[in-house]
1. Consider Gln1 against the criteria (1) at pLDDT below 95; (2) open to solvent by less than 40 Å² (accessible area, probe 1.4 Å); (3) of a type outside the set (D, E, K, R): it satisfies all of them except one. Which criterion is unmet?
2. Across the stretch 36-68, what is the total count of residues that are among the hydroxyl-bearing types (Ser, Thr, Tyr) and surrounded by fewer than 18 Cβ atoms within 10 Å (Cβ to Cβ)?
3. Which residues, taken from the stretch 81-100, are buried (at least 24 other Cβ atoms within 10 Å of the Cβ) and closer than 12 Å to Lys45 by Cα?
4. Among the candidates Pro33, Pro71, which residue alone is in contact with a Gly (Cβ under 9 Å, 6 or more places away or on another chain) and open to solvent by 50 Å² or more (accessible area, probe 1.4 Å)?
5. Consider Ala22 against the criteria (1) open to solvent by 20 Å² or more (accessible area, probe 1.4 Å); (2) in contact with a Leu (Cβ under 7 Å, 6 or more places away or on another chain); (3) small (Gly, Ala, Ser): it satisfies all of them except one. Which criterion is unmet?
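The values are calculated or read from the model by the stated rules, or taken from the named source; none is laboratory data. Quantities reported herein were computed from a predicted structural model and do not represent experimental measurements. Quick reminder, even Gly has a Cβ in these numbers, built from the backbone with ideal geometry, and neighbours come from all protein chains shown. Just the protein is used for accessible areas: all its heavy atoms, side chains included, with ligands, DNA and RNA removed. Shrake-Rupley method; radii C 1.70, N 1.55, O 1.52, S 1.80 Å.
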Amino acid sequence: QRARVQLGEVVYRENCGACHGANGEGKNTIFPPLAASDYVNANPKRAIEAVVKGINGKIVVNGRSYDSVMPAIALDDAQVVNVMMFILNSWGNVGGDVSSLDVAAARR
């Protein structure tokens, strides 16, 4: 698990950090936080789907509304697993495990 989290940190820095911040803090009212995120913690599978399919429209994270576009990120299944492992196990999030089966289900 630790190795996947470390690999996921690299994926995060290369693909997610510019918008969601180096420490998952988000950016103003444009990009929601991933750190201590009720959106991520309440439903990690929904967060996986956001990575593989993107989000278009309003969401609420930690009581604040965000209404912008997050494109689907061009990552393979292993990269999605790793980045989600990093996000779930960092910055005060609940922790947990993500599998390739979770990613495959999100892609359907």
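1. (2)
2. Of the residues in that region, 2 qualify.
3. So the first thing to find is which residues in the stretch 81-100 are buried (at least 24 other Cβ atoms within 10 Å of the Cβ), and the list is 83-87, 98.
Answer for the stretch 81-100, where residues must be buried (at least 24 other Cβ atoms within 10 Å of the Cβ) and closer than 12 Å to Lys45 by Cα: Met84, Met85, Val98.
4. Going through Pro33, Pro71 in turn, the sole match is Pro71.
5. With respect to (1) open to solvent by 20 Å² or more (accessible area, probe 1.4 Å); (2) in contact with a Leu (Cβ under 7 Å, 6 or more places away or on another chain); (3) small (Gly, Ala, Ser), Ala22 is out only on (2).
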